[in-house]
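Participant: Got a structure for you, questions after.
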Amino acid sequence: MLLMQTAVMYSQPANSPAKSKVYLSASFGPSFFGITDRSSYETYHFNGLGLQFDVDAGFALSRHLFMHFTYTGGLLSNPTIKVPNMYSPRPSDEISFNDRLTGGGFTWYPAKEFYLTLSAGAGLIKLNDKVNPEKSDSSERGPSFRIKVGREWKISERFGAGICFTYGKTWTSNISYYYGEEKLTSNRFGFLCTVTMH
């Protein structure tokens, strides 16, 4: 019996992702944001390089598949503003945006250290006015998703570190005192560093 148990233990791949039932992943790094605000009066485009972080926490469904809660947060400060047919793009240091996703998803390790994550949930876009804080506003919650592709290197029995590329999108709306109903969309392209426990 002991011989059989030993053989089974050593037959498991050394780099197999699942070491326990718990899965936890945290990512942080730069991200390019493109936010569009459309109303019946005008369309505004906000672009720039910001920061993004995300957390996935869940459990293993199998050796290579995990299900988890997902939270993604992004910050775009001093964006470049473009209004078609009005003026050329110009930077603004008076506003910033927060772009958030709260939901759930799955992470799959198809081959050794490489992984693919798909998450979806409710997204929200918040405008922060640094000059007139009373004009700061948040959108309604709307559909949002995130795709993450990365590579992980083992640093201990249960921990790994790596890099990933992410893309996310949010569709939402807002009722503005000045412009009536606004339709907002955001696109996020990130290159993040990750730390994972599983």
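Participant: For the range 36-58, enumerate the residues that are more than 14 Å from the chain's Cα centre (by Cα) and open to solvent by less than 90 Å² (accessible area, probe 1.4 Å).
Facilitator: The answer is T36, D37, S39, E42, T43, Y44, H45, F46, N47, G48, G58.
Residue by residue, here is whether (1) buried (at least 19 other Cβ atoms within 10 Å of the Cβ); (2) at pLDDT 90 or above; (3) over 12 Å from the mean Cα position of the chain (by Cα) holds:
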residue: P79; (1), (2), (3): yes, yes, yes
residue: P89; (1), (2), (3): no, no, yes
residue: S92; (1), (2), (3): no, no, yes
residue: F106; (1), (2), (3): no, yes, yes
residue: T117; (1), (2), (3): yes, yes, no
residue: I125; (1), (2), (3): yes, yes, yes
residue: P133; (1), (2), (3): no, no, yes
residue: S138; (1), (2), (3): no, no, yes
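Participant: When you look at N85, is it open to solvent by less than 80 Å² (accessible area, probe 1.4 Å), more than 21 Å from the chain's Cα centre (by Cα) and either within 23 Å of D37 (Cβ to Cβ) or of a type in the set (S, T, Y) (or both), yes or no?
Facilitator: The answer is no for N85.
Participant: Looking at F32, F66, can you tell me which residue is within 30 Å of I95 (Cβ to Cβ) and modelled with pLDDT of 95 or more? Can you show your working first?
Facilitator: On the way: F66 fails: within 30 Å of I95 (Cβ to Cβ).
Sole residue among the options that is within 30 Å of I95 (Cβ to Cβ) and modelled with pLDDT of 95 or more: F32.
Participant: In addition: Could you say which residue among S156, S173 is of a type in the set (G, A, S) and closer than 24 Å to E94 by Cβ?
Facilitator: Criteria check complete, one pass: S173.
Participant: Of everything in the range 46-83 that's among the hydroxyl-bearing types (S, T, Y) and part of a strand (DSSP E or B), which residue is farthest from F191 (Cα to Cα)?
Facilitator: Filtering the range 46-83 for residues among the hydroxyl-bearing types (S, T, Y) gives 62, 70-72, 77, 80.
Now narrow it down to the ones that are part of a strand (DSSP E or B): 70-72, 77, 80.
Values: T70: 17, Y71: 17, T72: 14, S77: 18, T80: 20 Å.
Restricting to residues being among the hydroxyl-bearing types (S, T, Y) and part of a strand (DSSP E or B), the top hit is T80.
The values are calculated or read from the model by the stated rules, or taken from the named source; none is laboratory data. This is a predicted model, so every value here is computed, not measured. Using ideal geometry, Cβ is built from the backbone for each residue, glycine included, and neighbour counts are taken over all protein chains shown. Side chains included, ligands, DNA and RNA excluded: accessible areas come from the protein's heavy atoms. Shrake-Rupley method; radii C 1.70, N 1.55, O 1.52, S 1.80 Å.
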